[in-house]
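> Take this structure first; my questions come after.
The values are calculated or read from the model by the stated rules, or taken from the named source; none is laboratory data. Not measured: the values here are computed from a predicted model. Every residue, glycine as well, gets a Cβ built from its backbone with ideal geometry; the counts of neighbours run over all protein chains shown. Ligands, DNA and RNA are stripped out before the accessible areas are found, and what is left, the full protein with its side chains, is counted by its heavy atoms. Shrake-Rupley method; radii C 1.70, N 1.55, O 1.52, S 1.80 Å.
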Number of protein chains: 6
Amino acid sequence: MLLQDILTFFEQKAPKATAEEWDNVGLLVDCGHTTINTVVVALDATPAALAFAKENGAQLLITHHPVIFSPLAEVTHTHPAAKALQNGISVLSLHTNLDKAAGGVNDTLAEKLGLENVTVAADGMSRIGILPTALSAADFATLCAAKLHTPVSFCGDNTVKTGAVCGGGAGDGVFAFANVADAYVTGEIKHHEWLAANESGLCAVAAGHYATENPVVKTVAAWLTDTDMTVLPFYDTAPYKGV
Amino acid sequence: MLLQDILTFFEQKAPKATAEEWDNVGLLVDCGHTTINTVVVALDATPAALAFAKENGAQLLITHHPVIFSPLAEVTHTHPAAKALQNGISVLSLHTNLDKAAGGVNDTLAEKLGLENVTVAADGMSRIGILPTALSAADFATLCAAKLHTPVSFCGDNTVKTGAVCGGGAGDGVFAFANVADAYVTGEIKHHEWLAANESGLCAVAAGHYATENPVVKTVAAWLTDTDMTVLPFYDTAPYKGV
Amino acid sequence: MLLQDILTFFEQKAPKATAEEWDNVGLLVDCGHTTINTVVVALDATPAALAFAKENGAQLLITHHPVIFSPLAEVTHTHPAAKALQNGISVLSLHTNLDKAAGGVNDTLAEKLGLENVTVAADGMSRIGILPTALSAADFATLCAAKLHTPVSFCGDNTVKTGAVCGGGAGDGVFAFANVADAYVTGEIKHHEWLAANESGLCAVAAGHYATENPVVKTVAAWLTDTDMTVLPFYDTAPYKGV
Amino acid sequence: MLLQDILTFFEQKAPKATAEEWDNVGLLVDCGHTTINTVVVALDATPAALAFAKENGAQLLITHHPVIFSPLAEVTHTHPAAKALQNGISVLSLHTNLDKAAGGVNDTLAEKLGLENVTVAADGMSRIGILPTALSAADFATLCAAKLHTPVSFCGDNTVKTGAVCGGGAGDGVFAFANVADAYVTGEIKHHEWLAANESGLCAVAAGHYATENPVVKTVAAWLTDTDMTVLPFYDTAPYKGV
Amino acid sequence: MLLQDILTFFEQKAPKATAEEWDNVGLLVDCGHTTINTVVVALDATPAALAFAKENGAQLLITHHPVIFSPLAEVTHTHPAAKALQNGISVLSLHTNLDKAAGGVNDTLAEKLGLENVTVAADGMSRIGILPTALSAADFATLCAAKLHTPVSFCGDNTVKTGAVCGGGAGDGVFAFANVADAYVTGEIKHHEWLAANESGLCAVAAGHYATENPVVKTVAAWLTDTDMTVLPFYDTAPYKGV
Amino acid sequence: MLLQDILTFFEQKAPKATAEEWDNVGLLVDCGHTTINTVVVALDATPAALAFAKENGAQLLITHHPVIFSPLAEVTHTHPAAKALQNGISVLSLHTNLDKAAGGVNDTLAEKLGLENVTVAADGMSRIGILPTALSAADFATLCAAKLHTPVSFCGDNTVKTGAVCGGGAGDGVFAFANVADAYVTGEIKHHEWLAANESGLCAVAAGHYATENPVVKTVAAWLTDTDMTVLPFYDTAPYKGV
């Protein structure tokens, strides 16, 4: 598939202009390949993901997190973008534009949790839906843990019928959804956000950055199935363990 | 004890000028009490802490987290500062100045973990010390969990002899301490910070904002023991549970 | 009357969105009262106005000048907002939105001076009208002094037929109205503004901040007459005397 | 006298570097005269002052207020700087550097009011001194009016022994001097500054921008008496009258 | 002709609002002349241009480069604007608005080089056209030198059929036109701009600021021919010579 | 030679901290080589310079102009830094720190022109010296052309005894040196800078960015002669030709 056609495809799925102003998305490493035979999809351009791409002869790595975030005043061989360049792997990063995209990060998360009648929240990024059956806050947290295969932290003792979700480090959503939903699920929640959730009676669930976003790898790989490329999803392990 | 003497005491222990520029510390709610008979010490001005202070007739509440962080363009009765004011409880907040103070948040944390030969790190806030016995990363994480009475998340498989600590949400310390210590313990670590820790081979431990900072409540209460005041430490519960 | 209905009423009369960007208006102190039985209207939340509100059991004080202007990083019991909160008096401030409102500060001022065919000036705040009879600058200044019950300062020796008005500290209007009106009346005029008025031949009149704005107290009180509330205008004295 | 020597003289008396950062002082209009035979000293480069300078064949006009304040993107013949240039009159403006200068605007004002043991206030500009005899606030205001030949406005009913002064539009001094002096005299005081003075019990006196600064004209003229120049002070009239 | 009519004429030809945000255009020196009998048109208000205007009794000088660029905090007799004011010569400057104007600086330049089918480039200022005959880069550079009567510097060895032009110091156009035109002609090109042109294979031509803009003097003078004014173009010499 | 020793050597010769705040200097491309056998020195990382480095098996390229100037939000294979990285060539750029360095860009330029008693100018970067024999401006320009092997542009008809120099695009030096030197030599001079030089009577010489800086390549190569490395200066051609 022509790289240009891949870019055009994603520009329709997750337009660059919909990314947040502070974000950095697009073809962040361009090795000059015009035709892509093998593409790897991963959450991050970790050493493991880059090695997997190299082993499989991929010309392109698609990541959710930008391989370059702060612009580089100097380029060092240990930086993921430099490694990609040296190994001839171009990198396309889809970040907040993929969070917002129809069927993207947050729609995938909502679907994993079994939410129904899912709509886009006022922030344009989060999703809100209805649980088939109302649950206690503790049972809802248990549901999240089971569906996302991860331990979770939670607060609240209310009944959860309406749930809002936003993958990643979006703990400030506890302020936005206190009067809009019964529960709010995200990856990371900070201390003062936990306090605010408690004060407002919202059930908040922190399920981990990795666990809430990694499902989108499968989604993006599926989008590319019917092309002439070999499409390889790479599921990295979570970057931490629990004790 | 005169309020003015209490302020003078803490100005020596944890001078306001040492707080970070973005911080807001000091006597943030001033009800006009000049003499303090009963003082409560807590991590936050939560509803529980304010209720405890009121029940015990305290004129002053000392908190680590600022009762006012963003300046208030309007004052609402549900805000902790308004509640304090309406209940006649002045509030003194010691935040990053207490993090940095000798014997403060981070010295208390280092001591809890059994670090020895503790020194102040280059950032002026974190502390670095030596473990009596070298441990594997997993064993060190287990030690943190035990000493702080909390589940923890960690990464790394190195041997830990030198440990750096900074209570609260200081995950960006993983960049500063990668080549300085074998392990870094803080409250909250974000996704890209976990990735960086993995990449550099640092053992990083996220032990929770609450669990890494709450020990300072006992410390501050102890500082005031030999005064003519009734000094009541208030140990709030963590704002979330695990599943 | 429900507080919410009062807010809705004023949102129609003087919408918050019409206030200047630097201004701070709205329910700046919220004690949580949902029903208001007694309301006091005053120019400022002075000690006298707050005492009057307390004596009369008012749940709400409406002021022209914001009870909080610069956001509060700390709250002290001597601050008017703290006093209001401690005495259970909510405060609604209508400032530049009331200056601009139809029938508000500046329409009231124009009416007091007897201007006719009054229109809104290009700045959206000041008003311009026609005197029934042309007057010398000195006679116009004398008229202002008589109508507003205050000594005034003035410059100019032209004939005044068209007059512009803007209550408060709006002396920079002398630049805007030099070629638009024969006279400009405001509360406070600075030295370089007087020089500019002299240079352009404009009759400028400084009638005092208090004297040019206080008439709106009666106006706002009148707006609320036909409600189920006890409505008490409070006419403070001017904050200075002359020698 | 050589212009360069005049500039050197004033650089010693009132160094440019002592002017406030926002100020614009120095030789703001330079017609190229190297030798000055006749110099006029005035508060402002008003039409009257410029006409007086021209009639007297002056090559230099010294003013307190800057003849150019906001830098000029275009030059129009009606601007005082253009008039000066067209009439061959250079203009030297000494503003906040003269306010602060020993013997300058504020020392002159303090002396006019009979203050003794005068010292420089913490702001580097105002002056603080002692009255020979304590007076009531009203009597102190009457004294100011008599010494400065102007009506004044005032507040307060305390006893005045210590007085602070700052000529011009320095009403924000009411905050700085509330606990430092019994009275504060300046030219212009705004509404919220009057309220603050009332609240703190300070006697504040607004004696007019012109009346508090014009005395310095005589002072500066006197500084130049023993030169080979004809030195002509020009006492403009106040830019407004009272009714 | 009335000055006001001249301003209206140019407001139609080259509206002030079309000038760049950083620019300063319009009647930058206004001596108060309402009727203009003699007008001089020049590239700059150099001493020679001002002397020419004075000798010819002109009341108005029209320049391309602003006689005041950075606003003046002080006015010195050696500044061109001061000289103009002292000699009673008003100055009207048309800068980036004239660059963009139909028939203005860049249309004049395109015409001088013989470009055909000239259109406005995407930047709104440059012009793009077609050469009647394709030329080698070196021959195109030679053509530019001949038509503009100046030595030129150039790079490139491509064939030039489509040419873009922008008079003055617009070397950054080499980035904009690399894939849009075969050649780009401007006045000044900096080192890194030359490198970029070389890298992209663009023929870039630096023909001098003066030589690329001076032709507009004749254009503007021609615009005013059919008025009742004496219209005198002044062709200054280039400000440097070659060795 | 160890890369670290090379960096230490240049940190002494031209410390990074002496570079201008807007500049970007240092090891801008780091391929991870710890030992350098062959180093190339060039003015710019042009395609020719990179090809030369590759052909000669260099591990390091030292350039004057930063290989990365604006930080890179994305890395493309056509960018010089990407080419260097892909070819395993680290790049060390010394820019304004080399301009200022003792014996660096500007000392080299001063020496080429035969200036004597050379001192550092007030700007810390330019150099000022004395010609052995006074020359007319035209003869001085001819001297510059001869010594730097380039055509030059110049203005002025004064006698040149004292000369100031600053390589590169430093035309704004004409303002700084008008009263300090008889002549000022730099690479690029803009139109309004030529006008200023003419007005002040300064002899200004524009000798080209390349011609005024390229001599430093030989200088830097010479600094490294006595090392164990193969040191290869690369003299690029000027990026433009004259017609």
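> Going by what's in this entry, would D:Ser136 be described as touching a strand residue (DSSP E or B) at 6+ places or on another chain (Cβ under 7 Å) and surrounded by 23 or more Cβ atoms within 10 Å (Cβ to Cβ)?
Working: touching a strand residue (DSSP E or B) at 6+ places or on another chain (Cβ under 7 Å): yes; surrounded by 23 or more Cβ atoms within 10 Å (Cβ to Cβ): no.
No: the conditions fail for D:Ser136.
> Could we say that B:Leu28 is free of Cβ contacts under 8 Å to residues at least 24 places away in the same chain and among the aliphatic types (A, V, I, L, M) here? Give the steps one after another, and end with the answer.
Numbers: free of Cβ contacts under 8 Å to residues at least 24 places away in the same chain: no; among the aliphatic types (A, V, I, L, M): yes.
In short, no.
> Looking only at strands (runs of 3 or more DSSP E) that lie completely in the stretch C:136-243, which have at least 3 residues being closer than 17 Å to D:Gly208 by Cα?
Numbers: elements: C:153-155, C:159-166, C:183-186, C:203-206, C:230-233.
Per the criteria, C:153-155, C:203-206.
> Taking the condition of being of a type in the set (S, T, N, Q) and buried (at least 16 other Cβ atoms within 10 Å of the Cβ), how many residues in the stretch E:103-126 meet it? Walk me through it before giving the result.
Pass one, the stretch E:103-126, residues of a type in the set (S, T, N, Q): E:106, E:108, E:117, E:119, E:126.
Of the ones still in play, those that are also buried (at least 16 other Cβ atoms within 10 Å of the Cβ) are E:106, E:108, E:126.
Within the stretch E:103-126, residues that are of a type in the set (S, T, N, Q) and buried (at least 16 other Cβ atoms within 10 Å of the Cβ) number 3.
> Here is a check on your reading of the model: is D:Ala222 out of contact with any strand residue (DSSP E or B) (no Cβ under 6 Å at 6 or more places or on another chain) and either at pLDDT below 95 or more than 9 Å from every other protein chain (Cβ to nearest Cβ) (or both)?
Numbers: out of contact with any strand residue (DSSP E or B) (no Cβ under 6 Å at 6 or more places or on another chain): yes; either at pLDDT below 95 or more than 9 Å from every other protein chain (Cβ to nearest Cβ) (or both): yes.
So D:Ala222 fits the description; yes.
> Filter the helices (runs of 4 or more DSSP H) completely within the stretch F:1-107 down to those with at least 3 residues that are over 21 Å from the mean Cα position of the chain (by Cα) and either within 12 Å of chain A (Cβ to nearest Cβ) or among the hydroxyl-bearing types (Ser, Thr, Tyr) (or both).
Details: elements: F:3-13, F:47-55, F:80-86, F:96-100.
Helices (runs of 4 or more DSSP H) meeting the threshold: F:80-86.
> From the set of residues in the stretch B:160-184 that are within 24 Å of A:His192 (Cα to Cα) and out of contact with any Ser or Thr (no Cβ under 7 Å at 6 or more places or on another chain), which is most open to solvent (accessible area, probe 1.4 Å)?
For the stretch B:160-184, the residue satisfying everything is B:Phe175.
> Return the only residue of E:Val165, E:Val160 being more than 23 Å from the chain's Cα centre (by Cα) and at pLDDT 95 or above.
On the way: E:Val165 fails: more than 23 Å from the chain's Cα centre (by Cα).
None of the other options fit; the residue is E:Val160.
> Please go through the stretch B:185-208 and pick out each residue that is open to solvent by 30 Å² or more (accessible area, probe 1.4 Å) and within 11 Å of chain A (Cβ to nearest Cβ).
If we filter the stretch B:185-208 for residues that are open to solvent by 30 Å² or more (accessible area, probe 1.4 Å), which is where we start, we get B:188, B:190, B:192, B:195, B:198-201.
Once the filter is applied, which keeps residues that are open to solvent by 30 Å² or more (accessible area, probe 1.4 Å) and within 11 Å of chain A (Cβ to nearest Cβ), the stretch B:185-208 yields B:Glu188, B:Lys190, B:His192, B:Leu195, B:Asn198, B:Glu199, B:Ser200.
Yes or no, residue by residue, for (1) within 20 Å of E:Glu213 (Cβ to Cβ); (2) of a type outside the set (S, T, N, Q); (3) touching a strand residue (DSSP E or B) at 6+ places or on another chain (Cβ under 7 Å):
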{"site": "E:Pro15", "(1), (2), (3)": "yes, yes, no"}
{"site": "E:Val25", "(1), (2), (3)": "yes, yes, yes"}
{"site": "E:Val29", "(1), (2), (3)": "no, yes, yes"}
{"site": "E:Asn56", "(1), (2), (3)": "no, no, yes"}
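> Among the candidates B:Thr237, B:Thr212, single out the residue that is within 12 Å of another protein chain (Cβ to nearest Cβ) and either surrounded by 24 or more Cβ atoms within 10 Å (Cβ to Cβ) or within 18 Å of B:Arg127 (Cβ to Cβ) (or both). Give the derivation first.
Details: B:Thr237 fails: either surrounded by 24 or more Cβ atoms within 10 Å (Cβ to Cβ) or within 18 Å of B:Arg127 (Cβ to Cβ) (or both).
Only one candidate qualifies: B:Thr212.
> Here's a follow-up. Taking the stated definitions as given, is A:Gly26 open to solvent by 10 Å² or more (accessible area, probe 1.4 Å) and on the phi > 0 side of the Ramachandran plot?
Working: open to solvent by 10 Å² or more (accessible area, probe 1.4 Å): no; on the phi > 0 side of the Ramachandran plot: yes.
Answer is no for this residue.
> So which residues in the stretch C:108-135 are over 23 Å from C:Glu11 (Cα atoms), part of a strand (DSSP E or B) and not polar (S, T, N, Q)?
C:Glu116, C:Val118, C:Ile128, C:Gly129, C:Ile130, C:Leu131, C:Pro132, C:Ala134, C:Leu135
> Also, I was wondering about something else. Considering only the stretch E:101-119, how many residues are in contact with a strand residue (DSSP E or B) (Cβ under 8 Å, 6 or more places away or on another chain) and touching a residue at least 12 places away in the same chain (Cβ under 8 Å)?
Result for the stretch E:101-119: 9.
> Okay, moving on. Take the residues of the stretch A:36-57 that are touching a residue at least 24 places away in the same chain (Cβ under 8 Å) and exposed (fewer than 14 other Cβ atoms within 10 Å of the Cβ): which is nearest to A:Ala238 (Cα to Cα)?
Here the residue is A:Asn56.
> Those residues that are of a type in the set (Gly, Ala, Ser), open to solvent by less than 30 Å² (accessible area, probe 1.4 Å) and within 18 Å of F:Trp223 (Cα to Cα), I need them from the stretch F:88-102; list them, please.
Initially, the stretch F:88-102 is screened for residues of a type in the set (Gly, Ala, Ser), giving F:88, F:90, F:93, F:101-102.
Then drop every residue that is not open to solvent by less than 30 Å² (accessible area, probe 1.4 Å), which leaves F:88, F:90, F:93, F:101.
Those that are of a type in the set (Gly, Ala, Ser), open to solvent by less than 30 Å² (accessible area, probe 1.4 Å) and within 18 Å of F:Trp223 (Cα to Cα): F:Ser93, F:Ala101.
> List the number of the failed condition for D:Thr219; all other conditions in (1) of a type in the set (S, T, N, Q); (2) crowded, with 18+ Cβ neighbours inside 10 Å; (3) more than 11 Å from the chain's Cα centre (by Cα) hold.
(3)
Here is a yes/no grid of residues against (1) touching a Gly at 6+ places or on another chain (Cβ under 7 Å); (2) closer than 21 Å to F:Lys218 by Cα; (3) charged (D, E, K, R):
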| site | (1), (2), (3) |
| --- | --- |
| F:Asp5 | no, yes, yes |
| F:Phe9 | no, yes, no |
| F:Gly32 | no, no, no |
| F:Leu60 | no, yes, no |
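> Would you pick out the residues in the stretch C:139-159 that are away from every other protein chain (no Cβ under 11 Å) and open to solvent by 50 Å² or more (accessible area, probe 1.4 Å)?
C:Lys147, C:His149, C:Thr159
> Checking D:Leu85 against (1) more than 17 Å from E:Ala82 (Cβ to Cβ); (2) crowded, with 23+ Cβ neighbours inside 10 Å, which test does it fail?
(1)
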